[in-house]
1. Roughly speaking, to the nearest percent, how much of the chain's 1.4 Å accessible area is carbon and sulfur?
2. Can you give the accessible area per residue of the chain, in Å², using a 1.4 Å probe?
3. In vacuum, with every alpha carbon of the range 1-141 counted as one equal point scatterer, what does the Debye formula give for log10 I(q)/I(0) at q = 0.13 Å⁻¹? Two decimals, please.
4. What is the local net charge at residue 69, summed over the other residues whose Cβ is closer than 14 Å to its Cβ (Lys, Arg +1; Asp, Glu -1)?
5. Please give the charge dipole size of the range 60-135, origin at the Cα centre, charges +1 on K and R Cβ atoms and -1 on D and E Cβ atoms. Round to the nearest 20 debye.
6. What nm value, rounded to one decimal, do you get for the distance between residue 8 and residue 211 when each label is placed 7 Å out toward the C-beta?
7. Place a +1 charge on the Cβ of each Lys and Arg in the range 73-219 and a -1 charge on the Cβ of each Asp and Glu, then give the dipole magnitude about the Cα centre in debye, rounded to the nearest 20.
8. Express in Å², to the nearest 10, the accessible area of residue 152 obtained by rolling a 1.4 Å probe over the protein heavy atoms while all chains stay in place.
Amino acid sequence: MIIFGFLQVLSTILGWLYFFAWGISFYPQAILNFRRRSTSGTTVDFPLINCLGFFSYLVSNLALYYSELIRAQYGARHKGLTPTVRFNDITFAAHSLVLSLVTTSQYLFPRVWGFRQSIGNRPSRFILGIFFGCVVGIVVVIFVVLGSPQRDSAEDAVGAWVWLDAIYAVSYVKLVVTLIKYTPQVIVNYRNRSTAGWSIWQILLDFSGGILSIAQQGIDSYLQGDWSGITGNPVKFALGNVSMVYDLVFMTQHYVLYPDAVPKAGERDGLLREDEERRIE
């Protein structure tokens with residue numbers, strides 16, 4: 001019992017630690033953009049698609065945490081267990097959504113922030129396609145659930161379309177976003193042969209948060225005596241794993257591939273090539 005109680009406390013501590021690590025990771029980029037009065041060297045794709053991702057993550061966490069129907073349907077599919085969603089997950093999602101909106105506004109409304117126009121302020125077709133594709137996918141699943149007579153049942157949740165499936169569809173949007181959101185910035189860094197303008201602090205904090213999040217989910221599953229705590233909430237598990245893979249790529253770019261390309265006095269402007277600046281003007 002002592003060990004059980006200790007693990008419960010440890011899980012709570014890890015949850016809030018990852019919340020602070022991941023939460024703080026959203027500030028360095030916004031602050032760096034503000035200090036440079038520019039978003040050059042970065043792209044709006046990352047914060048823009050993050051807005052959709054964290055909105056969907058917030059909605060799914062709220063449903064899994066507060067909705068009695070969704071929790072009952074979850075229990076019917078997962079041996080009577082409850083979702084491994086904590087209040088800190090909800091707080092993290094809400095905070096991240098707000099910071100993503102703020103950072104996105106720096107790209108979409110540069111004049112409001114006193115920034116000059118940058119080539120990265122225009123969303124790519126790839127990200128816009130993912131954005132609208134995810135929205136359409138959610139709408140389709142909702143209509144399928146609405147057509148199911150068992151949608152409000154917990155007993156028939158195993159073999160029928162129910163509202164839990166709609167919540168899963170919403171949560172999978174966050175998974176899709178996590179899988180692709182870093183790709184445009186990786187490409188920008190590769191083309192510029194530099195990570196200047198892209199805050200490495202957000203990457204280090206994100207990497208730390210991923211380790212803590214996976215550790216918490218592992219402890220929660222151990223306490224339940226069933227690993228469906230992970231299989232039943234794959235988005236939270238993937239958030240940590242996928243993000244850490246990208247984080248390692250960014251750390252490799254920053255510290256190994258292009259260390260000399262980062263200005264010693266700080267991550268200042270000068271990342272865009274002169275011909276790109278002329279195109280913007």
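1. Details: 9130 of 13490 Å².
Of all accessible area on the chain, carbon and sulfur atoms account for 68 percent.
2. Details: 13490 Å² over 281 residues.
With the other protein chains kept in place, the chain gives 48 Å² per residue.
3. So the normalised log intensities are -0.73.
4. Working: positive: 71, 77, 151; negative: 68, 152, 155, 156, 165.
It works out to a net charge of -2.
5. Working: 8 positive and 2 negative charges, 48 e Å.
Here the size comes out at about 220 debye.
6. 2.8 nm
7. Numbers: 12 positive and 6 negative charges, 161 e Å.
That gives the range 73-219 a dipole magnitude of about 780 debye.
8. Only protein atoms counted, so the area is about 90 Å².
The values are calculated or read from the model by the stated rules, or taken from the named source; none is laboratory data. Quantities reported herein were computed from a predicted structural model and do not represent experimental measurements. Positions of Cβ are backbone-derived with ideal geometry, glycine not excepted, and every protein chain shown enters the neighbour counts. Each accessible area value is taken on the protein alone, full model and side chains, heavy atoms only, with ligands, DNA and RNA left out. Shrake-Rupley method; radii C 1.70, N 1.55, O 1.52, S 1.80 Å.
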